[in-house]
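Working notes, beginning with the structure itself.
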Amino acid sequence: MIDNTFEAERARLKADLNAVSSEIQSVTEEIQVVTDQIEDYERGASNRIIDFFSGAVNTFRNIPNHVQNALNAIGDQLNAIPDRVNYIMQSLILIVIQWIITVCVVPIVTLIGFGFVIKILFGFDVNQKLAIATRTVQSKTASFISQGSRKLPRPVSKA
């Protein structure tokens, strides 16, 4: 009976030992998983830190390139200014030419055309009337000059 009790106790202790051993094994596996996660996190954190600083370093290294690109863009804009000025001047000249033609040339041509129509319809001789008017002005100017300045009109003062 003592042997049976001893054997039963021994079997129970062996079962308890196996249970504790399997629990130790599962805890050891969990510790290993947590340790791996911590190592991955540390590696990830260090990689993130390295990535951050390498990005900052790359940004600082690229500053001259960005400045060069900005200067190139400004240079392109400055190079385009003469073309823009040329275009504006051409447009302005065309507008002035159109204005002169519509405001000056067209009315004068119209008046000349009306003069010819009046001459044809009514027999009015523009050259003869113009010659008479010119001779009258010339004679009055000559007589004024010959008389001198004594007959100059006096300015009217406003009181």
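The values are calculated or read from the model by the stated rules, or taken from the named source; none is laboratory data. Please read all numbers here as calculations on a predicted model, not as lab measurements. Neighbour counts are summed over all protein chains in view; Cβ atoms, including those assigned to glycine, are modelled from backbone coordinates with ideal geometry.
State whether one or more residues within the range 114-134 are aromatic (Phe, Trp, Tyr) and outside any helix (DSSP H, G or I).
If we filter the range 114-134 for residues that are aromatic (Phe, Trp, Tyr), which is where we start, we get 114, 116, 122, 124.
In the following step, the residues that additionally are outside any helix (DSSP H, G or I) were identified as 124.
Yes, the range 114-134 has at least one match.
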Select, from ASP51, ASP36, ASP40, ASP76, the only residue that is of a type in the set (D, E, K, R), part of a helix (DSSP H, G or I) and surrounded by fewer than 10 Cβ atoms within 10 Å (Cβ to Cβ). ASP76
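Taking the conditions exactly as written (assigned to a helix (DSSP H, G or I), within 37 Å of the chain's Cα centre (by Cα) and either aliphatic (A, V, I, L, M) or surrounded by fewer than 10 Cβ atoms within 10 Å (Cβ to Cβ) (or both)), does ASN65 satisfy them or not?
When the stated conditions are applied, ASN65 passes them.
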Verdict on GLY123 being on the phi > 0 side of the Ramachandran plot and either out of contact with any helix residue (DSSP H, G or I) (no Cβ under 6 Å at 6 or more places or on another chain) or modelled with pLDDT under 70 (or both): yes
Name every residue in the range 1-20 that is of a type outside the set (D, E, K, R) and surrounded by fewer than 10 Cβ atoms within 10 Å (Cβ to Cβ), in order of residue number. MET1, ILE2, ASN4, THR5
